[in-house]
Amino acid sequence: MKAASPFARRGRLVASFVVCLVAFSALTEPSAAEFPCFQRHTIDAFPAGYQVAVADINGDGRPDVIALSTDANRVDWFENPGWQLHPVARTEKNIDLAPRDLDGDGKAEIVVASGFYFSESTRGGAIQWLEQPAGASTNLWTIHPIATDPVVHRVRWGDLDGDGRPELVHAPIFGPGSQDTVAPKPSHLWAFRPPRDLRTGAWTVWKIDESLTVLHGIHVSDLDHDGRDEILTASFEGIHRFDFEGNGPDGRWIKTQIGRGALPKSSAPGATRGSSEVAPGNLAPGKPFIAAIEPWHGELVVVYTPGKPGELWHRRVLDDTLDQGHALVVADLDGDGRDEIVAGWRGAGGGVAIYRATDDTGEHWTKIPLDAGITVQGMVAADLNGDGRLDLVAIAGSSNLLVWYEQRR
């Protein structure tokens, strides 16, 4: 019989509330350290939400919220403050979005990946950038095609070669010819370079890797502070890091495995394994960690810390009680110089929890329940109200909710 998790659920939390908790212990002795309060606010009763992002859309210096629905075929942005809804697109089967100011006017454009058909690896897969309308904010945005690649799943911006211009990293969950998770083919981990003239030029393809299957999560940021962004991937093969070394055609991608992820629980075709979501953090200066949800759509919150050079990183399971884990954020929420992990799940009514390290080794953590009864699909951290404190924004699918958790002290 499976042993009870130290993070067994302690009942449903009130749906709208202020959470001001003293961190209770999960793997360590009880801690008396106070943690920030979070007050949940509803932005919108958004239908079947799947992904969320934050960017300044109207150039007023405030971060706005962009929400995406797969089943309702909607992309909308919500103006900060007040959260007035503005339509963006009504493209079909949307799956991800990546905002960025591409033309330097202080207002973000939005890349949208749509046409997501999980079990049809030769259909759909539209990648496009959306241009704001010149007229009334009730008008839909102009769609400009970038590329087509079936089962497109994640898009993220990053300066991969350090030339000061961003590339769009693109990762389908499956490759062509796949039979979903039962017989997956390698995914296209590619990047697209924007043309100088966004409206008339063609985006060029930069092929990075074609070896990973069920490539569910990616993270793009400058992990080693070398002026170039690296890519972390979460797939059936675990967690990998991709670094571009050299310059131009003489450069090459270095692929390094961080961890193998979770082992399959059976030998049946399509048995879940590996990793699903990935995000980096720091326990202290010079002490990195990588957080993950495992396996694919899994129940585990996992932390990896560096081992000896050339070896896989040490893996620690922090929690095994999630039901369809699907959202992962790593950020320093309390400003103590040590990053926290925030995980959201969408099964069994859903929920959100924060995991806080109590030392700089990554050995000891506490868990703080944040919310329950909210089926979280996607989540980001941002300072929405300009008070210098990070807040959280979450989108919930079957709960039909778009909310933000305001940090209060």
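The values are calculated or read from the model by the stated rules, or taken from the named source; none is laboratory data. Computed from a prediction, not measured in an experiment: that's the story for all the values here. Cβ: placed from backbone, ideal geometry, glycine included. Neighbour counts: every protein chain shown. SASA here: full protein model, heavy atoms, side chains in, ligands and nucleic acids out. Shrake-Rupley method; radii C 1.70, N 1.55, O 1.52, S 1.80 Å.
List of remarks:
A quick yes/no check of all residues on (1) open to solvent by less than 20 Å² (accessible area, probe 1.4 Å); (2) assigned to a loop (DSSP other than H, G, I, E, B); (3) within 19 Å of ASP224 (Cα to Cα):
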site: HIS297; (1), (2), (3): no, yes, no
site: VAL302; (1), (2), (3): yes, no, no
site: ARG316; (1), (2), (3): no, no, no
site: ALA327; (1), (2), (3): yes, no, no
site: ASP336; (1), (2), (3): no, yes, no
site: ILE341; (1), (2), (3): yes, no, no
site: ALA348; (1), (2), (3): no, yes, no
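- A search for C-beta distances below 9 Å between a residue of the stretch 37-51 that is under 14 Å from TRP404 (Cα atoms) and any residue that is among the β-branched types (Val, Ile, Thr) and at pLDDT below 95, counting only pairs 6+ apart in sequence or on different chains, returns CYS37/VAL18; CYS37/VAL19; PHE38/VAL18; PHE38/VAL19; GLN39/VAL18; GLN39/VAL19; ARG40/VAL18; ARG40/VAL19.
- Residue list for the stretch 90-102, restricted to those being open to solvent by less than 20 Å² (accessible area, probe 1.4 Å) and either outside any loop (DSSP other than H, G, I, E, B) or modelled with pLDDT under 95 (or both): ASP96, LEU97, ALA98
- Scanning the stretch 254-292 for residues that are of a type in the set (Gly, Ala, Ser), more than 30 Å from ALA183 (Cβ to Cβ) and assigned to a strand (DSSP E or B) returns GLY281, ALA284.
- Residue in the stretch 214-226 that is assigned to a strand (DSSP E or B), out of contact with any helix residue (DSSP H, G or I) (no Cβ under 8 Å at 6 or more places or on another chain), over 15 Å from GLN257 (Cβ atoms) and hydroxyl-bearing (Ser, Thr, Tyr) present: yes
- Qualifying residue in the stretch 103-114 (condition: acidic (Asp, Glu), in a loop (DSSP other than H, G, I, E, B) and open to solvent by 50 Å² or more (accessible area, probe 1.4 Å)): yes
- The lone exception for PHE244 - which of (1) closer than 30 Å to ALA396 by Cα; (2) touching a residue at least 60 places away in the same chain (Cβ under 8 Å); (3) assigned to a strand (DSSP E or B) it fails: (1)
- Check on GLY378, open to solvent by less than 10 Å² (accessible area, probe 1.4 Å) and out of contact with any Asp or Glu (no Cβ under 8 Å at 6 or more places or on another chain): yes
- Entry remark, the stretch 374-408: residues being part of a strand (DSSP E or B) and either closer than 24 Å to ARG154 by Cβ or not polar (S, T, N, Q) (or both) number 20 in total.
- Number of the condition not met by ILE43 [criteria: (1) surrounded by 14 or more Cβ atoms within 10 Å (Cβ to Cβ); (2) of a type outside the set (Asp, Glu); (3) at pLDDT 85 or above; (4) part of a loop (DSSP other than H, G, I, E, B)]: (4)
- Residues in the stretch 141-172 that are surrounded by fewer than 19 Cβ atoms within 10 Å (Cβ to Cβ) and under 19 Å from ILE66 (Cα atoms): THR142, ILE143, HIS144, TRP157.
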